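To keep things clear, I will list the structure first and then write my remarks on it.
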Amino acid sequence: MNLSVRGKRRLKAAVTNGIMIVIMVFYLLPFWYVVNNAFKERSYISLQPFTINLDIFTLDNIISAFSKMDYPVAFFNSFSVLVISCLIFILLGSMTAYGIYIADHKFFNRLYVLFVALIALPFQAAMVPLVTLLRTLHLSDNFFGLALIYSAMFMPFIVFLYTGFMRSLPKELMESARIDGCSYFQVYAYVYMPLLKTVTGIVLVLRGVYVWNDLQVPLIVINNPVRQTLQQRLYVFAQSRIGNFDLVFAGALLTCLPMILLFLMMQKSFIKGVMAGSVKG
């Protein structure tokens with residue numbers, strides 16, 4: 001009986017691992033295709049699309065795409081939007097969650113439920129009012145305005161995330177800090193926020209990657225070519241070089257590389273957050 005149960009568990013684990021490997025291959029194959037073909041001349045892309053050797057390896061595509069995309073300017077634009085957006089995410093999201101947490105009132109709990117329900121609202125339903133509001137406030141074609149759009153899109157999810165983690169912490173922490181003379185803001189800044197590094201890392205990874213990779217919102221908000229984000233610049237670059245797959249692959253690699261590095265740096269926080277969330281759930 002024990003052998004039968006053990007055999008079933010091994011079979012289940014083998015099937016699960018097999019499915020995960022197949023999914024991983026589907027995710028990695030397009031990325032490998034881009035990386036592989038970004039370092040070879042156009043003529044070799046159709047001949048050897050999935051393999052590369054030192055004889056055909058070249059950095060000319062990367063150098064050319066870097067120059068023609070005006071990469072430093074576009075990178076600065078995307079980085080500025082990312083930093084402003086993440087600051088708003090973390091500050092407003094955590095402070096809103098903290099207010100809901102310490103109030104612990106029926107009105108705020110119902111307001112929280114209504115607020116979280118907005119997660120299901122698609123951006124397309126609020127796109128026109130948000131863009132119209134930006135123009136009214138003279139924030140269109142502006143990094144801060146673009147960051148506000150992202151904040152409106154993601155704040156319900158971020159508040160939901162922070163509130164859930166705060167409610168898992170004992171309230172005795174706040175009571176002890178208040179007895180020691182700390183104000184509510186000091187409790188938030190010096191007690192709770194250091195304990196919420198994990199959820200902050202999750203917000204930075206999940207929402208930061210979306211902000212960096214998004215093309216739809218910048219196309220709607222940003223019109224000035226000088227202020228185009230990296231995704232916009234890649235879109236324009238690819239449209240003007242149809243058929244030049246070597247340069248397009250190089251530009252795509254340059255565009256996604258910063259987020260890959262960010263995830264590698266934040267992956268421990270992300271994994272901890274996922275594990276903590278599963279345990280709390």
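The values are calculated or read from the model by the stated rules, or taken from the named source; none is laboratory data. Keep in mind that what you see is a predicted model, and the values were worked out from it rather than measured. We place every Cβ from the backbone using ideal geometry, glycine too, and count neighbours over all the protein chains shown. Please note that ligands, DNA and RNA were not included when accessible areas were found on the heavy atoms of the full protein model with its side chains. Shrake-Rupley method; radii C 1.70, N 1.55, O 1.52, S 1.80 Å.
Numbers for the structure displayed
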quantity	calculated
Exposed chymotrypsin sites (Phe, Trp or Tyr not before Pro) absent - longest run of the chain, DSSP non-H/G/I/E/B, at most 14 other C-beta within 10 Å	58-281
VAL209 accessible area, assembled protein chains, probe 1.4 Å, Å²	40
Unit Cα scatterers, Debye sum, region 61-122: log10 I(q)/I(0) for q = 0.24 Å⁻¹	-0.99
Dipole magnitude (debye, nearest 20) for region 35-114, charges at Cβ of Lys, Arg, Asp, Glu	360
Sequence of SER168, SER80 from largest to smallest accessible area, 1.4 Å probe	SER168, SER80
For the chain, with +1 on Lys and Arg beta carbons and -1 on Asp and Glu, the positive-most of ASN17, PRO122, VAL205 along the dipole	ASN17
For region 166-174, 3J(HN,Hα) per residue [Karplus equation, 6.51 cos²θ - 1.76 cosθ + 1.60, θ = phi - 60°, Hz, x = Gly/Pro]	5, 5, 7, 8, x, 6, 4, 4, 5
LYS8 accessible area, 1.4 Å probe, all protein chains in place, Å² to nearest 10	140
Debye intensity ratio I(q)/I(0), log10, the chain, q values 0.08, 0.12, 0.13 Å⁻¹ (C-alpha model)	-0.49, -0.94, -1.04
Solvent-accessible surface ranking, highest first, for SER240, SER140 at 1.4 angstrom	SER240, SER140
Ellipsoid equivalent to region 1-100 - semi-axes via the Cα gyration tensor, in Å	39, 35, 7
Dipole magnitude of the chain about its Cα centre (Cβ charges: Lys, Arg +1; Asp, Glu -1), debye to nearest 20	1040
Magnitude of the charge dipole, region 99-194, Cβ model with Lys/Arg +1 and Asp/Glu -1, debye to 20	240
Solvent exposure ordering (accessible area, 1.4 Å, most first) of SER46, SER151, SER176	SER46, SER176, SER151
Note, ³J(HN,Hα) from phi for region 212-222, Karplus 6.51, -1.76, 1.60, rounded to Hz, x at Gly and Pro	5, 8, 6, 10, 4, 5, x, 5, 7, 8, 9
Residue-by-residue Karplus 3J(HN,Hα) for region 31-40, coefficients 6.51, -1.76, 1.60, Hz, glycine and proline x	5, 4, 4, 5, 4, 5, 8, 6, 10, 9
